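Undergrad: The structure is given below, and queries will be raised subsequently.
The values are calculated or read from the model by the stated rules, or taken from the named source; none is laboratory data. Keep in mind it's a predicted model, so treat the numbers as computed, not measured. With ideal geometry, Cβ positions are generated from the backbone for all residues, glycine too; neighbour counts draw on all protein chains shown. We work out accessible area using only protein heavy atoms, side chains counted, and drop any ligands, DNA or RNA first. Shrake-Rupley method; radii C 1.70, N 1.55, O 1.52, S 1.80 Å.
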Amino acid sequence: MTPEQSFSRWIKVALSAFFLLFAYFVIADNYMPMTTEARIQRYVVPVSARVSGQVSRVHVTNNQLVEPEQLLFELDDSDYQLAVQRAELALNRARVERQRAQSGLEEVEAEAHKARLQVNEQEREAARIARLHRQGHMSQQQLEQANTSTSQARDALTMANARRQEVVQGLTAAGIAIKQAEVALRQARLELDRTRVHAESRGRIGNLQLRQGQHASAGQPLMALISEQAWVSADLREKSLRHVQSGTPVDIVFDALPGQVFAGHVTSIDSGVREGQQAADGLLAQPVNSDRWVRDAQRLRTYIALNEEWPPLATGAKATVQLYPVDNPVLHGLAAMQARMVSLLRYLY
């Protein structure tokens, strides 16, 4: 074989390999997509105190596993103890004021009852004198005096009723003051209880930036609580997700665990990305200008759960995800081969 023939053969072999690989990548991208843009994610809850104060004691260490309601740290509660005592004194004072108002109500009710009896007595006396006056046994002056006494008794009754209404209003105000004092006491006790910060759920402490003597402001994150509930988020081109849906099986290869392949399934796919969100700012739309002939493909985030127990990997650990969107034994075998090959290559990189 001449050198020209050998060169021509190698050219044909290279072109054939190129077209075969090109066809393979097109088929793989549509029917057995893979992405290296994947990582483990967990819920990370910033932990902060709901009241301000100086840290008196820290009960946990960084990366420690904690259980729900486990004590994390405490604040100096001296000021909050005094606030509870002040609230208790205010409540006692309000109760004393209500008792005083209750006693005053009993007193004015007795006065009103006495005035009512006196009115009844004066009315009967005035009626008797009026009857005797008509019979000629009583003078006009005596009749007028009886009527005047009746009017004075009625005025006294009106004044007694007014005083009773005033005392009733004071008693109502005293009851409201007690309610307010009880609310203030509950608030003071709640703030005292909040000087002891507990874990809301099971998880692991991360980014602990807390020391004894440090001042903690209300709402200031002091540590992170990393939940044990985990999932894998994978970013894939939207074209590659045409045949992917919830429940699609996947294989996952973690960079930290070379040679191992984990089975999982798709739980959901994001319905949008931030670039597609139009700001409601009252301004006109600003189209994106690009002079690139081939633009970057849009990627959508896909969420994946494992079908087995999660390995002990850190939040943010990177992974490679191989999807099996079509039920074809040939494509399924090629996709499985891709996943195993990547898992072996992780030994090198």
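Undergrad: I'm spelling it out carefully: the read-out is Cα extents along the principal axes in Å, the candidates are (1) 105, 38, 32; (2) 165, 50, 41; (3) 76, 52, 42, and one was derived from this structure. Which label?
TA: Given (1) 105, 38, 32; (2) 165, 50, 41; (3) 76, 52, 42, the calculated one carries the label (2).
Undergrad: What's the magnitude of the charge dipole for the chain around its Cα centre, counting Lys and Arg as +1 and Asp and Glu as -1 at the beta-carbon? Answer in Debye, nearest 20. Mind dumping the intermediate values first?
TA: Working: 39 positive and 38 negative charges, 48 e Å.
In total the dipole reaches around 220 debye.
Undergrad: Can you classify segment 209-349 as rounded, prolate or oblate using the Cα gyration tensor, where a ≥ b ≥ c are the square roots of its eigenvalues, rounded means a/c under 1.5, and otherwise it's prolate if a/b beats b/c and oblate if not? Working shown, then result.
TA: Details: a/c = 2.17, a/b = 1.12, b/c = 1.93.
Cα axes put segment 209-349 in the oblate bin.
Undergrad: Computed FRET efficiency, Cβ-Cβ of GLU88 and ALA314, R0 41 Å: what is it to the nearest 0.05? Before the final figure, lay out each step's value.
TA: Values: r = 49 Å, r/R0 = 1.19.
For GLU88 and ALA314, the calculated efficiency is 0.25.
Undergrad: Let me test this: with uniform point scatterers at the alpha carbons of segment 1-116, what is the Debye-based log₁₀ I(q)/I(0) at q = 0.09, 0.18, 0.20 1/Å?
TA: -0.71, -1.09, -1.15
Undergrad: Helix 140-193 versus the longest principal axis of the chain: what is the Cα-based angle in degrees, 0 to 90, to the nearest 10?
TA: With both axes taken from Cα atoms, the answer is about 20 degrees.
Undergrad: While we're here: Nearest 0.05, what FRET efficiency do LEU345 and GLU200 give at R0 = 41 Å with Cβ-Cβ as r? Please list the in-between numbers first.
TA: Working: r = 41 Å, r/R0 = 1.00.
So, using R0 = 41 Å, E works out to roughly 0.50.
Undergrad: Another one. Would you mind counting up the charge near ALA101? Only other residues with Cβ under 15 Å from its Cβ, with Lys and Arg at +1 and Asp and Glu at -1.
TA: +2
Undergrad: Placing +1 on the Cβ of each Lys and Arg and -1 on the Cβ of each Asp and Glu in the chain, which of PHE7, VAL66, ALA184 has its Cα farthest towards the positive end of the resulting dipole?
TA: ALA184
Undergrad: How far, in degrees from 0 to 90, does helix 329-345 lean away from the longest principal axis of the Cα atoms of the chain, to the nearest 10?
TA: So the inclination is approximately 90 degrees.
Undergrad: Additional query: Using only Cα atoms and rounding to the nearest 10 degrees, what angle (0 to 90) does helix 3-31 make with the longest principal axis of the chain?
TA: Long axis of 3-31 versus the principal axis of the chain: about 20 degrees.
Undergrad: Can I ask one more? At 1.4 Å probe size, put ILE27, ILE178 in order of accessible surface, largest to smallest. It would help to have the intermediate numbers written out before the result.
TA: On the way: ILE27 80, ILE178 10 Å².
Ranking ILE27, ILE178 by accessible area, largest first, yields ILE27, ILE178.
Undergrad: Taking a ≥ b ≥ c as the square roots of the eigenvalues of the Cα gyration tensor of segment 293-349, is the shape rounded (a/c under 1.5), prolate (a/b larger than b/c) or oblate?
TA: rounded
Undergrad: Whenever you get a sec, compute what percent of the accessible area on the chain sits on carbon and sulfur atoms (1.4 Å probe). Let's see the in-between values first.
TA: Numbers: 12180 of 23130 Å².
Using a 1.4 Å probe with all protein chains present, the chain comes out at 53 percent carbon and sulfur.
Undergrad: Rolling a 1.4 angstrom probe over the protein heavy atoms, how many square angstrom per residue are accessible across the chain?
TA: On the way: 23130 Å² over 349 residues.
Counting only protein heavy atoms, the per-residue value for the chain is 66 Å².
Undergrad: Summing +1 for each Lys or Arg and -1 for each Asp or Glu, what net charge is found among the other residues whose Cβ lies under 11 Å from the Cβ of ARG299? Kindly include the intermediate steps, with their values, before the conclusion.
TA: Details: positive: ARG237, LYS239, ARG301; negative: GLU37, ASP235, GLU238, ASP270, GLU275, ASP296.
Its environment carries a net charge of -3.
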